[in-house]
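Reading through the structure tokens given below for one structure.
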Amino acid sequence: MATDGIIHAHLTPLPDRVGVEGLEEKWTKNWDESQVFKFKGNTDRTGVYSIDTPPPTVSGHLHVGHVFSYTHTDVMARYKRMRGYDVFYPMGWDDNGLPTERRVQNYYGVRVDTSLKYDPAFKPPFEGTEGKKIEARDQVPVSRQNFIELCEKLTAQDEKQFEALWKTLGLSIDWTQTYHTIGEHPRRVAQKAFLRNLARGEAYQQEAPGLWDITFQTAVAQAELESREYPGFYHKIAFHAEDGTPIYIETTRPELLGACVALIAHPDDTRYQHLFGKTVTSPIFGVKVPVLAHPKAEMDKGVGIAMCCTFGDMVDVEWWRDLKLPTRSIITRNGRISAETPEWITSEAGRALYAETATKTTFSARKVIVEALQASGDMDGEPIPTKRMTNFYEKGDKPLEIVTSRQWYLSNGGTDKKLNAELLERGKELQFHPGFMRVRYDNWVNGLNGDWLVSRQRFFGVPFPLWYPVTDSGETDYAHPIVPSEDILPIDPTTDVPAGFEESQRDVPGGFTAEKDIMDTWATSSLTPQIVTHWEEKDSNGLFEKTFPMDLRPQGQDIIRTWLFSSVARAHLENHVLPWKHTALSGWILDPDHKKMSKSKGNVVVPSEPIEKFGADAVRYWAASARLGTDAAYDIGQMKIGRRLAIKLLNATKFALSIGREDENHHVGESAQAAWDPTKITEPLDRATMAKLARVVRTATKALEDFDHAKALETIETFFWEFCDDYIELVKNRAYGTPDENGKEPSGAAIMSARTTLGIGLDAFARLFAPYLPFSTEEIWHWMHEDAGSVHVAPWPEAGYYATIALKVPPELLDHAGHALAALRKIKSEAKVSMKTPILAATLKAVPAGIEHIKAALDDIAQAGRVTGKLELAQISAGEAADAGSASEAHDAADVAPIDDTEVLISDSQLGEPPVKKPKK
RNA sequence: GGGCGAUUAGCUCAGUUGGUUAGAGCGCCACGUUUACACCGUGGAUGUCGGGGGUUCGAAUCCCUCAUCGCCCACCA
């Protein structure tokens, strides 16, 4: 826009008939070529808006829920771009972790073996076996590096597909900034950040009992837990006091009887006071265990006294730690009872029973023990079925066991109260949208019960960049890890050799050995702000300083405890800042029956389907209609409305542009120049329309600043329909220059005023709708501004500009004029005649201000309503009308209707003859 | 058990610091080919604001309570 406020338009030929088909392809190609969404990086941090995009998992398919939340982000990105920000909007792909590992295994028929060397000539045994599982015995072992290469190969195909879909949806991503989480750069960042944590003492290793998944054979972090209902049985079992009295306990896990180290009751429990400090004997096994008191024992649960085993659950761990109990572990890492009979079971009967359970699964072992207890009479009654909540690994399907192992931990405020308080403080600093989502963060941080367990006993992922010395006697010296220098990262310790050693010294006394564990996938994902901004990267070119800390983290509400929290923790420890100012949480997508969409329910909608059917703008409209944090139903109806809106926008713009052309002695279909000079807007109705536009721009802008994209859309959309239904209808004749009933033509100034208002109005709508309907707005933008570049880098409309045009004319003038027209239309609608039917006479009634407004637009109203005779005006007050309505039913129906200040009533109307229908051509 | 959110027309949802007689779209009904739009236009009908209690001149809105739904956390004897 020029400084004189004149909007110069270069009008291109218009189509005879408009449609939304094909716009995605046309403009996606154009945007690719012109690189409108490329981050420029030529301003400082204040001119940049940076977005930490969630990298979708590239295994499998996207579903329509992705479309939903990514559209929310894209609306914001496009809005900020139009506000003049250099928007930094990268896309990542998450291909680090179990889903990808399993997929690559099945697709290529390979599995990782960290003992193998990298083979550059490796060819996988299978290719493209999607869908059918390759049995483990048919999988060929490969080195980690080979596995990563296969993963990159496979995901590259998916990424292409995903990228195409995102582009079709109109996401304004800078595709030159793409990353994937197992890629070299993210691996380097993850390892470097870990080494920094290690150097500062925030990363440490510990041998401790912890939750363990027996299927995946790995330790699991608190954040990856999921409680699920799991069926079990209560067994009432008798221990025996020294005098032989049975002491009954209740347990759901009798198979752990052999691992029992104590019985525990609450210190205040009078029933067991006499037993504290004494020992009891376990049934059959005959092992003596102490009866102890601990406040964590609950008097009203079961019989009030519990068997403490190492380890049945996390409370056992607490008791074991607090009461310094011995470790008597009988469950192995694969979830089976260990083969060797433990030395603490000494009785013959006990050892025989144990041998019977050895190497059995917990399920089978339980059966053996229960039968034995029933036979010996130590079980009271039958097992009572129960459903209890049990911890599962979120990706696993067997309950977690507790085993003791050496693991790496990262401080996250789970043990350090000061850090915990600092992280809570960061949570307060972060602006959550919607705000109530903050409590989920607070709940999580307050409920942490240990540091972040980051090591996983898996093979695919980012390796810990560590080796350990092997002593001369062949022991691994975990206490003195060997670290690489930062400049050689990323490394794989199973194939790379630490400085000062040679490959021949691997795993030999006096040499070194690799840390074979990999990091939790969140250990990489938690660093996406550092990854995308090229923290500490040589090729950064100052990118980090221009983009970090970032502005926005959009993400799902389900991963506040993982992705959001761990990112905050990492940035706090490494950069001493919050990684972003805002976080935007989208809701769930529910199917039309309000069930959450998920693969297992089989109700997932593939996003390409609705995009193809209704158009990308329509699907975006549906997504953008839902506020942040609010669940939304998959709603085809809403998409149809979006499609209708886009088509309406095309048609209204076509009209506004075609009508302006005749003035230039041009016909529709030809190019033309136009200059929409705001000083040419002189008619009160036109000014009122600009006044309302100013108000709409102000409201929409404020809503977008508050991350309320849905409210902004609603505001813009409502006014757009008013603009079409009322304003355009009112000024159509004037804009055409149509003479009135008396043959009087509108003045040139009046014609120009209408045409300019139409032009400036539609120019504004193109820009206001641009974040929501990027394709149709780009189409119309190019109809009116052929050489002006993309609407998506055009400036966002400013309320002040339109307010200046409006001068002091109030927006209510448009409302009154619109309601007056509606009143005239109602006469015809109720008489069931064509809108072309002339009105011979009518009286319009409105509040005094309304009368003034109607007078100011009377010619337009009369002509739009085809009033050929006298149009009278009569003043009423809102109060009068309401009183009249309730006091008497003798009034005209219209008088009884409740009115507000902008309502216009009608009476004494008289219709003429409907026009004769013209025969069809 | 603790917490968060929701409950408004047949459906999907707005409803601001409490303020006249609670709104929109879809769907429904009726009418209308009108030189932007039949992928359309015009007009109309539609409510125990989940229940109960309270504060107030006045409550969809604030407080208490109950119910239902969704989610988060805790609960493994």
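The values are calculated or read from the model by the stated rules, or taken from the named source; none is laboratory data. Everything numeric in this text was worked out from a predicted model, so none of it was measured. Please note: Cβ atoms are built from the backbone with ideal geometry, for glycine as well, and neighbour counts cover all protein chains shown. Note: areas computed on protein heavy atoms with side chains; ligands, DNA, RNA excluded. Shrake-Rupley method; radii C 1.70, N 1.55, O 1.52, S 1.80 Å.
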Largest first and in whole Å, what are the equivalent-ellipsoid semi-axes of the stretch A:171-283 based on the Cα gyration tensor, each being the root of 5 times an eigenvalue? 51, 19, 13
Apply the Karplus curve 6.51 cos²θ - 1.76 cosθ + 1.60, θ = phi - 60°, to the phi angles in the stretch A:837-849 and return the couplings in whole Hz, x for Gly and Pro. 4, x, 9, 7, 7, 6, 10, 9, 10, 7, 5, x, 4
Which of A:Lys301/A:Lys387; A:Lys613/A:Lys640; A:Lys167/A:Lys395; A:Lys117/A:Lys516; A:Lys828/A:Lys855; A:Lys80/A:Lys160 exceed 19 Å between C-alpha atoms? The answer is A:Lys167/A:Lys395; A:Lys828/A:Lys855; A:Lys80/A:Lys160
Work out the P(r) tail for the stretch A:212-349: percent of alpha carbon pairs separated by more than 25 Å, whole number. 28
Residues with beta-carbon under 13 Å from that of A:Thr699, excluding A:Thr699: net charge, scoring Lys, Arg +1 and Asp, Glu -1? 0
What's the carbon and sulfur percent of the stretch A:741-840's accessible surface, probe 1.4 angstrom, rounded to a whole number? 56
Looking only at lysines whose Cα falls under 16 Å of A:Lys832's and that sit 8 or more positions away or on another chain, we get A:Lys917
If you take the charge dipole of the stretch A:18-73 about its Cα centre, with +1 on Lys and Arg Cβ and -1 on Asp and Glu Cβ, which of A:Val20, A:Thr73, A:His61 is farthest toward its positive end? A:Thr73
Using the beta-carbon distance between A:Leu911 and A:Glu812 and R0 = 41 Å, what value does 1/(1 + (r/R0)^6) give for FRET efficiency, to the nearest 0.05? 0.90
List the residues, sorted by chain then number, that are 5 or more residues from A:Tyr49 or on another chain and whose placed amide H is less than 5 Å from its amide H. A:Asp86, A:Val87, A:Phe88
For the stretch A:233-309: rounded, prolate or oblate by the Cα gyration tensor [a/c cutoff 1.5]: oblate
For chain A, what does the helix formula give at 222 nm: sum of -39500 (n - 2.57) over DSSP H segments with n ≥ 4, over the residue count, nearest 500 deg cm²/dmol? -11500 deg cm²/dmol
For the stretch A:34-49, just list the computed ³J(HN,Hα) in residue order, Karplus coefficients 6.51, -1.76 and 1.60, θ = phi - 60°, integers in Hz, with x standing in for Gly and Pro. 8, 6, 4, 9, 6, 5, 8, x, 10, 10, 7, 3, 5, x, 10, 10
Write out the trypsin sites (Lys or Arg not before Pro) in the stretch A:94-179 meeting two conditions: DSSP loop, and at most 15 other Cβ atoms within 10 Å of their Cβ. A:Lys117, A:Lys132, A:Lys133
Rg over Rh, two decimals, the stretch A:828-870 (C-alpha only, Kirkwood Rh): 1.01
Restricting the count to DSSP beta bridges whose residues both fall in chain A, what percent are antiparallel, rounded to a multiple of 5? 65
Once the Cα gyration tensor of chain A is found, what semi-axes does its equivalent ellipsoid get, as square roots of 5 times the eigenvalues, in whole Å, sorted largest first? 71, 35, 23
Per residue convex hull volume, Cα only, the stretch A:336-468, in Å³ is 239
The answer for A:Tyr234, listing residues at least 5 apart or on another chain whose modeled amide H is closer than 5 Å to its amide H, is A:Ile384, A:Thr386
Order by protection proxy (mean Cβ within 10 Å, highest first), peptides A:493-499, A:337-343: A:493-499, A:337-343
Neighbour net charge for A:Ile611 - beta-carbon separation under 13 angstrom, K R +1, D E -1: -2
In straight Cα distance, which aspartates and glutamates are under 14 Å from A:Lys288, not counting same-chain residues fewer than 8 positions off? A:Glu242, A:Asp243, A:Glu343
Per residue value of the accessible surface for the stretch A:368-526 (all protein chains in place, 1.4 Å probe), Å²: 44
What is the percent carbon and sulfur in the accessible area of the stretch A:352-506, measuring with a 1.4 Å probe over the protein chains and ignoring ligands? 51
Rounded to whole Hz and in sequence order, give me ³J(HN,Hα) for the stretch A:805-815 from the Karplus expression 6.51 cos²θ - 1.76 cosθ + 1.60, θ = phi - 60°, writing x for Gly and Pro. 5, 5, 6, 9, 5, x, x, 5, 4, 5, 4
Whether the stretch A:480-583 is rounded, prolate or oblate, judged on the alpha carbon gyration tensor where a/c under 1.5 counts as rounded: prolate
Please give me the summed charge of the neighbours of A:Ile681: other residues whose Cβ is under 10 Å from its Cβ, Lys and Arg +1, Asp and Glu -1. 0
0 to 90° range, to nearest 10: angle between helix A:98-108 axis and chain A longest Cα axis: 90
Principal semi-axes in Å for the stretch A:110-196 [√(5λ), Cα gyration tensor, largest first]: 28, 21, 10
Could you work out the per residue convex hull volume over the alpha carbons of the stretch A:8-75, in cubic angstrom? 199
Near the amide H of A:Gly92, under 5 Å away, which other amide H atoms are found, from residues 5 or more places off or on another chain, if H is placed in the peptide plane? A:Tyr179
